[in-house]
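First up is the structure itself, then whatever we jot down about it.
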Amino acid sequence: MGVVIRTAGEDDRELVVRLLDEAFQNDPVSSWVFPGEEYRRRTHHRLMAAFTDAVLADGRIDLTEDGAACALWLSVPADEHAGAEPDDGSGEDAEDIPARIREAVDPENARVESIARLTDGIHPSGRAHEYLWMIGVVPERQGEGLGTALIESVLDRCDREGLPAYLEASSARGKVLYERLGFEFTGRALDLPDGPRMWPMWREPRTC
């Protein structure tokens, strides 16, 4: 049987936060942002909640019907990228967003702010694209193809509509998976200070 996928709503918020928290506990980037297992167990879920809220508000969360995997997507307009937001008249510009995330998640942890600024700085601009912000699968279900099914459902639409897609791979294993789906390393890696490497990856739409 195929993987049944639906769009998550506000009622799924806590499920998505728990899923992401569990899926990324041992991720290299999460381990860098929240060093130490006990500290990460206590704090990591707050960042996952901030990401979930942001995408519920401005993007789309695809969720497998069994709740074992989800993907967070943003549709990025031309000449903008995920870190840029329109002026809402509040007097706060996009540069304040990472600082606000840090304040909400863990005010004493500068890396919460740093990861947002660093990924924003490498995000390509100029062309409209779909941005895979995060994709998570609970550990006991990894290797079953759930993540691939979630990504392919959006990539199929990208191909039909002529849209590129973008993501940042947070592990060498993930990079290989994304390459199989047609993503290519942009050539400019992000080496986190005293931490792991991230690989920005871009996929041009495929034509029949």
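The values are calculated or read from the model by the stated rules, or taken from the named source; none is laboratory data. Just so we're clear, the structure is a prediction, and the values are computed from it rather than from any experiment. Glycine gets a Cβ as well: all are built from the backbone with ideal geometry, and neighbour counts include every protein chain shown.
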Checklist line | Subset tally (residues that are among the aliphatic types (A, V, I, L, M) and either in contact with a helix residue (DSSP H, G or I) (Cβ under 6 Å, 6 or more places away or on another chain) or in a strand (DSSP E or B) (or both)) for region 44-62 | finding: 5
Check: Looking at (1) part of a helix (DSSP H, G or I); (2) at pLDDT below 95, which is the only condition M1 fails?
Finding: (1)
Margin query: Testing E108 on (1) within 24 Å of R13 (Cβ to Cβ); (2) at pLDDT 95 or above; (3) acidic (D, E); (4) outside any strand (DSSP E or B), one condition comes back false. Which one is that?
Written below: (1)
Next item on the list: Working carefully through the options E103, E108, find the one that is acidic (D, E) and under 25 Å from D58 (Cα atoms).
Entry: E103
Notebook entry, point to check: Can you tell me how many residues in region 18-39 are in contact with a Ser or Thr (Cβ under 9 Å, 6 or more places away or on another chain), surrounded by 13 or more Cβ atoms within 10 Å (Cβ to Cβ) and over 18 Å from L146 (Cβ atoms)?
Noted result: 5
Check: Name the residues in region 4-13 that are surrounded by fewer than 11 Cβ atoms within 10 Å (Cβ to Cβ) and assigned to a helix (DSSP H, G or I), would you?
Finding: E10, D11
Notebook entry, point to check: Being under 19 Å from L56 (Cα atoms), buried (at least 20 other Cβ atoms within 10 Å of the Cβ) and either in contact with a helix residue (DSSP H, G or I) (Cβ under 7 Å, 6 or more places away or on another chain) or modelled with pLDDT of 95 or more (or both), is that true of even one residue in region 84-97?
Noted result: no
Checklist line | Pairs, first touching a residue at least 24 places away in the same chain (Cβ under 8 Å) in region 162-181, second surrounded by fewer than 22 Cβ atoms within 10 Å (Cβ to Cβ) and acidic (D, E), C-beta under 6 Å, six or more apart | finding: P164/E204; S170/D27
Next item on the list: Could you list, in sequence order, all residues of region 153-170 that are in contact with an Asp or Glu (Cβ under 7 Å, 6 or more places away or on another chain) and assigned to a loop (DSSP other than H, G, I, E, B)?
Entry: L163, P164, S170
Next item on the list: Given the conditions (1) in contact with a Gly (Cβ under 7 Å, 6 or more places away or on another chain); (2) touching a residue at least 60 places away in the same chain (Cβ under 8 Å); (3) part of a loop (DSSP other than H, G, I, E, B); (4) not basic (K, R), report the number of the one that I135 does not fulfil.
Entry: (3)
Next item on the list: Working only within region 16-70, note down all residues that are in contact with a Pro (Cβ under 8 Å, 6 or more places away or on another chain) and of a type in the set (D, E).
Entry: E22
Notebook entry, point to check: List, please: which pairs have Cβ atoms under 7 Å, are six or more places apart or on different chains, and start with a residue in region 3-30 that is in contact (Cβ under 8 Å) with a residue 40 or more places away in the chain and end with one that is in a strand (DSSP E or B) and surrounded by fewer than 19 Cβ atoms within 10 Å (Cβ to Cβ)?
Noted result: T7/R60
